[in-house]
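Throughout, read-outs are computed from the coordinates displayed, never taken from laboratory work. This one's a predicted model, so the numbers in the text were calculated from it and none came from an experiment. Backbone-built Cβ (ideal geometry, glycine too); neighbour counts: all protein chains shown.
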Amino acid sequence: MKLLLDENLSDRIVPHILELFPESTHIKTVGLAHADDRIISEWAKQHGFSIVSKDTDFYYRSILFGHPPKFVWLRVGNCPTRLIVDLLRSRHALIRDFIQCETESLLVLERPEA
């Protein structure tokens, strides 16, 4: 399960999720910082990544074009990086099942209630 984290997420998340999501990376690491969403989507598709973002543009692309790539939409607003790490780690099984599902294109993860 390879996740491609969008630029609206910190690249500091990656080391904390690699144990559960091997080969995951950040768009900055693969030279896609500030790239158009279409280019990011195509790169993810070609390299077998699922995109993780807080960006509504990827949400609309997912609705319009389906998958690949799969899209995990984090509806968490402004929050600490640690919350995102915890969210991705705690929802590992759900994300795994989503990525393996042949019919689903979009997974929405929200901030846990306090």
Phi to ³J(HN,Hα) by Karplus 6.51 cos²θ - 1.76 cosθ + 1.60 over the range 89-94, Hz, x for Gly, Pro: 5, 6, 9, 3, 5, 4
FRET efficiency, 1/(1 + (r/R0)^6) with R0 22 Å, evaluated for residue 103 and residue 19 via beta carbons: 0.20
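Length gain on complete extension for the stretch residue 96 to residue 82, per 0.36 nm per residue less the alpha carbon to alpha carbon distance?
Working: separation 14, 0.36 × 14 = 5.04 nm, distance 2.04 nm.
This chain segment gains 3.0 nm when fully extended.
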Relative packing of 65-74, 20-29, which averages over residues the other C-beta atoms within 10 Å, highest first: 65-74, 20-29
Prolate/oblate/rounded label for the range 58-114 (Cα gyration tensor, a/c 1.5): oblate
Structure-derived volume of the Cα convex hull per residue in Å³ - corresponding label in (1) 124; (2) 97; (3) 145: (2)
222 nm mean residue ellipticity, helices alone, for the chain (DSSP H n ≥ 4; -39,500 (n - 2.57); rounded to 500): -11000 deg cm²/dmol
